[in-house]
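Structure first, commentary second.
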Amino acid sequence: MALSRAGAHASCDDKFAGDAVAGVVAVPRDRFEVLGVCVDACHLAVEFEEPVEALRRLSAAGVRVGKIQISTGLEAVLEPGDHASEAALLAFADDVYLHQVVQSCEGQLTRFTDLPEALEAVDPRSRLWRVHFHAPIFLERLGRFRNTRRELGALLAAVKDGKTTQHLEVETYSWAMLPEAHRGKSMLDDIGRELRWASAQLTAPSESPAGHRELAAVTGRRLAS
């Protein structure tokens with residue numbers, strides 16, 4: 001199993017596993033075996049999709065995983081009147097990429113095409129946001145905000161035996177858009193830190209199934225909040 005770097009990405013418009021299964025199984029059977037999907041860890045997390053369950057659904061439907069993109073997004077807990085967090089989030093908006101937002105509030109998911117659109121939506125409730133901004137995977141937090149590294153860790157633990165796919169890419173591409181406070185000494189240093197962090201996860205002792213259940217329970221509680 002080898003790690004590589006990548007730069008391309010796709011948008012996260014809907015639930016990944018369900019859409020992937022529906023799309024691939026609709027292909028004529030004589031072409032089915034040559035098709036596969038690319039699993040992007042950031043997109044799974046942004047959609048509040050539990051990574052191990054997503055892999056299970058793909059496997060059950062016979063959908064091959066051709067590549068896994070090792071990436072993380074932002075998670076923000078926003079309380080009513082939390083203008084400081086909203087201002088801090090605005091620093092992650094740019095004119096180059098769309099940074100889709102999925103909001104979890106009172107058991108419902110609401111999707112926004114871009115971060116400025118989400119920030120303009122007035123909502124007086126407490127809510128949890130996940131933002132499609134590919135953050136450095138070695139950072140646990142970016143100021144006020146959590147990185148979705150815990151979700152990425154669960155995905156890597158599930159695929160490190162190499163049976164799902166041998167193709168893994170570290171896919172952070174937003175270095176130039178990253179607020180300066182979260183940058184290291186150089187992009188090369190940061191890329192090296194990402195590869196070392198990913199390699200450490202893939203060679204660490206396997207986590208117990210209970211650990212995966214605990215992560216699923218945490219995700220479920222957030223969705224219900």
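Where a number appears in this text, it was derived from the coordinates with a stated rule and is not lab data. Everything quoted here is computed from the prediction, not taken from an experiment. Heads up, the Cβs are rebuilt from the backbone with ideal geometry, glycines too, and the neighbour counts pull from every protein chain shown.
Here is how the numbers come out for the structure above:
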| read-out | value |
| --- | --- |
| Neighbour net charge for residue 91 - beta-carbon separation under 14 angstrom, K R +1, D E -1 | -2 |
| Ranked by how many other beta carbons lie within 10 Å on average, peptides 161-169, 141-149, 35-43 from highest | 35-43, 141-149, 161-169 |
| Extreme residue, positive dipole direction of region 89-155, given options 90, 135, 116 (C-beta unit charges) | 135 |
| Spin-label pair residue 180/residue 86, simplified geometry with 7 Å Cα→Cβ offset, distance in nm | 2.6 |
